Amino acid sequence: MQIGLIRQAKELFFKELKCEWRNRYALNGILVQLLSSIFICYLLFQQLSESVWIALFLLVVLFSTTNAIARSFSSESDGRMLYYHQLVHPLAVFISKAIINSIMALVVAILAWIMFEIFLGSFEGSGQIAALLLIFCLGTGLLLSAVSAISSKSKGGNLLMPVLSFPLMIPMLLICISALKKDSSKLVENIYPDILVLSLTVTVIGLLTGLLYRFIWQE
């Protein structure tokens, strides 16, 4: 069962990857939105304190990632989902989309970091920040994939996506803000406890979404 699930998730992942590459206009739109948001921040501020740098970075990443993942399940027609229902395990569909969405969130975060470094100055962080952002993007991909699946079942899916996702993102955002503040301080302070807490939070999100998606799939 597990081997079949992994194989199905792998095939669906490559299918999703090809679809995203074919729909490059959507990816280009996300890139334009990201660049426009950061350029507006540059025109308004030009020089930022580290706390404001952190706040703007997380906000830009959050809104850009939400817009990128919102269409994940809503772009699938009812006929295609019914076709999947007859062929594959429900978790295979969710795992493939969650992996794609996590990669997309990571790409958005990396591009946003580079653009912030170019336009708004550098953030002198340690190597632990890379691990923190990686886990944060994984959790973002999992959570927003689940919310996208829920919102796709309602008539007002585009409105429901941010309403559901932003409150659920608060715990992960608080952990990231705490870790980034510690890392940006002049005092040498270990952020591994924050990374551990964030990892546990993402694990809980993954388990809950895996259990709840079965009920969403049945709808």
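Is there a residue being closer than 18 Å to LEU62 by Cβ, of a type outside the set (D, E, K, R), at pLDDT 85 or above and open to solvent by less than 80 Å² (accessible area, probe 1.4 Å) anywhere in the range 189-200? Checked against the condition, which is being closer than 18 Å to LEU62 by Cβ, of a type outside the set (D, E, K, R), at pLDDT 85 or above and open to solvent by less than 80 Å² (accessible area, probe 1.4 Å), the range 189-200 yields at least one hit. Residue selection: ILE150 satisfies the criterion of being modelled with pLDDT under 85 and over 27 Å from ASP194 (Cβ atoms).
Taking the residues in the range 1-59 that are among the β-branched types (Val, Ile, Thr) and open to solvent by 80 Å² or more (accessible area, probe 1.4 Å) as candidates, determine which candidate is modelled with the lowest pLDDT. Among residues in the range 1-59 that are among the β-branched types (Val, Ile, Thr) and open to solvent by 80 Å² or more (accessible area, probe 1.4 Å), the one modelled with the lowest pLDDT is ILE3.
The values are calculated or read from the model by the stated rules, or taken from the named source; none is laboratory data. A quick note: this is a predicted structure, and the numbers were derived from the prediction, not measured. For neighbour counting, all protein chains shown are included, and Cβ atoms are generated from backbone atoms with ideal geometry for every residue, glycine included. We work out accessible area using only protein heavy atoms, side chains counted, and drop any ligands, DNA or RNA first. Shrake-Rupley method; radii C 1.70, N 1.55, O 1.52, S 1.80 Å.
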